[in-house]
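Working notes, beginning with the structure itself.
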Amino acid sequence: MTHQNKKKQISKYIIFQSYILDHLNHRQAILMGLLNAMAKKEDYAYLKNSTICELLKASESTVKSDLKTLEELNYIKREVIRNDKKEVIERRIYPMVRFDTEGRGKTDTEGTGKNHTIDIDKYINIINKEYRDSFAKWLQYKIEINNMYKSELSIKTLITKIMKNVSAKQFDEVVDISISNGWKGLFFDKVKKEINLNKPPKATLDD
């Protein structure tokens, strides 16, 4: 496939979650959006580094460094395809965090890049509107630490507990503190001394 044809496959707009900028610089976020755009048909992108360099106007060393960062953060998975002579014939890059047309994230729970995604939009729309930004942030964090909830029931139970025990403002604070401490769950009992919760929950919100 020619470089020109590859460019035609890329969407007019490159979409990515704004809060991935908490972990990536702007160029890396754009690269993640580019890989998502190129992986729509085959579930993986097969761009060469030289093509990425041209598209992003970046040096090869910069592109190599950015790809390494994305892989270390589990945003992508790379696979090298070799022939019988052990020669490299293709490199596949699987986006582990996928974005739909509205920019919401999805994650590949099996690590294959194929048809094993949890649709964050589906769950965000269940929770009341005032909670959604914080809830989206929490789910994206769970994706990034490879600790996403394993069932729809666990997420729905989590939503019920959140809305029953804290206000939207309080929930935002709990999410920020939990993420900054690297916790895998929303431990209200650990943060109640740091924020003023009117009704501290009795249970830990975890999967």
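None of the figures in this text is laboratory data; all of them are computed from the coordinates on show. Every value quoted in this text rests on a predicted model; they were computed, and no experiment measured them. In this analysis, Cβ positions are derived from the backbone assuming ideal geometry, glycine residues included, and neighbour counts consider all displayed protein chains.
Which entries in the list K41/K150; K64/K137; K40/K161; K86/K142; K41/K86; K68/K164 go over 30 Å, if you measure between the two C-alpha atoms of each?
Working: K41/K150 26 Å; K64/K137 28 Å; K40/K161 36 Å; K86/K142 37 Å; K41/K86 27 Å; K68/K164 42 Å.
From the list (K41/K150; K64/K137; K40/K161; K86/K142; K41/K86; K68/K164), the Cα-Cα distance tops 30 Å for K40/K161; K86/K142; K68/K164.
I'd like the FRET efficiency for E79 and K40, computed as 1/(1 + (r/R0)^6) with the beta carbon distance as r and R0 of 30 Å, rounded to 0.05. Mind showing how you got there, number by number?
Details: r = 18 Å, r/R0 = 0.59.
With a Förster radius of 30 Å, E is 0.95.
How do V166, V175 line up, fewest other C-beta atoms within 10 Å first? Could you put the intermediate results ahead of the total?
Working: V166 24, V175 21.
Going from sparsest to densest Cβ surroundings: V175, V166.
Each residue of region 50-62 in turn: what ³J(HN,Hα) in whole Hz from Karplus with 6.51, -1.76, 1.60 and θ = phi - 60°, glycine and Pro shown as x?
Karplus-based 3J(HN,Hα) across region 50-62 equals 5, 5, 4, 4, 5, 5, 9, 6, 10, 6, 5, 5, 5 Hz.
What spacing in nm lies between the two simple spin-label points modelled at L153 and K169, each 7 Å away from Cα in the Cβ direction?
A separation of 3.7 nm, rounded to one decimal place.
If r is the Cβ-Cβ distance from L21 to N181 and R0 is 25 Å, what FRET efficiency results, to the nearest 0.05?
Details: r = 21 Å, r/R0 = 0.82.
FRET efficiency, L21 to N181: 0.75.
Region 127-143 to region 27-71: how many Å between their Cα centroids?
27
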